[in-house]
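Everything on this sheet refers to the single structure shown next.
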């Protein structure tokens, strides 16, 4: 994205954010003058304004305006990785840092994750073929000056973990998101892909629903959500995701409905053979609740 374009987005965004929410639509209609791309970029930034800065949703103009003051933050604003210009650090995970960036060819915001070579290659191979509305889409992968990176769609929303920090979700909302997560897992499992690190920190809640992030690698995972066979180093399969799904479902709901209680209990069976054998079975029951 050219500097002039960034400055234009910054100016319109700054003017719009100073207005009352009910005044912004008319302002954008007048100011963008048929430039749908400009309006879309500004509206995406405005959607972030009231949200907490979590993982991939911090306003891009804030990234562009700030230098990376955090000690050890590493790369500086403006650095290029291939065709992607970094705007700022969005978050840090156990495997690597995530940056808000702009795709200079397609003039859109993206999320760039910098990873060790073996992790980047394995994650890219795992998710390259996945295309599902409830899975964060991988756009590209590359290596620039011995730094390996993955490029994902830019998401605006809240991490499920942040939502749950305030308590369980309303029953209807929880069931809706559980169905969407189960649908994404069903699709991945049909491709013989296991998530291996399913947890609320790896679910983004966006305007279009839940999105799965950060498919794990063999031997990785978060202890609280690991199935017994994962903790013991035994071979894991799709049933390990079902165990983690049960852990997450218990946090998302108050489990007041007997069918849901029973479903979760079977997800959490210590032995894989005693759990639901397919996420499709879980999904069928959720749709009936």
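The values are calculated or read from the model by the stated rules, or taken from the named source; none is laboratory data. No experiment lies behind these values; they were computed from the predicted model shown. Counting neighbours? That spans all protein chains shown, and the Cβs are built from the backbone with ideal geometry, glycine included.
Screening residue 282 with (1) surrounded by fewer than 23 Cβ atoms within 10 Å (Cβ to Cβ); (2) more than 16 Å from the chain's Cα centre (by Cα) gives one miss only, at (1).
For every residue, the table says whether it meets (1) surrounded by 12 or more Cβ atoms within 10 Å (Cβ to Cβ); (2) outside any loop (DSSP other than H, G, I, E, B); (3) in contact with a strand residue (DSSP E or B) (Cβ under 8 Å, 6 or more places away or on another chain); (4) at pLDDT 85 or above.
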site: 19; (1), (2), (3), (4): yes, no, no, no
site: 29; (1), (2), (3), (4): no, yes, no, yes
site: 34; (1), (2), (3), (4): no, no, no, no
site: 56; (1), (2), (3), (4): yes, no, yes, no
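The rows are residues; the columns are (1) touching a helix residue (DSSP H, G or I) at 6+ places or on another chain (Cβ under 8 Å); (2) assigned to a strand (DSSP E or B).
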| residue | (1), (2) |
| --- | --- |
| 86 | no, yes |
| 89 | yes, yes |
| 102 | yes, yes |
| 105 | no, no |
| 110 | no, yes |
| 131 | no, no |
| 148 | yes, yes |
| 161 | yes, no |
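Selection of first residues in the range 272-289 that are within 19 Å of residue 184 (Cβ to Cβ) and of second residues that are in a loop (DSSP other than H, G, I, E, B), restricted to Cβ pairs under 6 Å at least 6 apart or on distinct chains, gives the following pairs, ordered by first then second residue: 275/269; 282/276.
Tally the residues that are in contact with a helix residue (DSSP H, G or I) (Cβ under 8 Å, 6 or more places away or on another chain) and either surrounded by fewer than 16 Cβ atoms within 10 Å (Cβ to Cβ) or not in a helix (DSSP H, G or I) (or both), restricting the search to the range 185-210. The qualifying residues number 13.
Name the residue, out of 75, 106, 87, 114, that is at pLDDT below 90, over 16 Å from the mean Cα position of the chain (by Cα) and buried (at least 18 other Cβ atoms within 10 Å of the Cβ).
Values: 75 fails: buried (at least 18 other Cβ atoms within 10 Å of the Cβ); 106 fails: buried (at least 18 other Cβ atoms within 10 Å of the Cβ); 114 fails: over 16 Å from the mean Cα position of the chain (by Cα).
Within the list 75, 106, 87, 114, the selection yields 87.
Looking at the range 117-140, which of its residues are in contact with a strand residue (DSSP E or B) (Cβ under 7 Å, 6 or more places away or on another chain) and surrounded by fewer than 20 Cβ atoms within 10 Å (Cβ to Cβ)? Step through it out loud before you land on a result.
Let us first name the residues in the range 117-140 that are in contact with a strand residue (DSSP E or B) (Cβ under 7 Å, 6 or more places away or on another chain), namely 117, 120, 123-124, 127-128, 134-140.
117, 124, 128, 137, 139, 140, listed by residue number.
If only residues of the range 133-146 that are touching a residue at least 40 places away in the same chain (Cβ under 8 Å) and assigned to a loop (DSSP other than H, G, I, E, B) are counted, the one that is nearest to the chain's Cα centre (by Cα) is 136.
Within the option set 252, 248, being under 24 Å from residue 161 (Cα atoms) and in contact with a strand residue (DSSP E or B) (Cβ under 9 Å, 6 or more places away or on another chain) holds for one residue only, 248.
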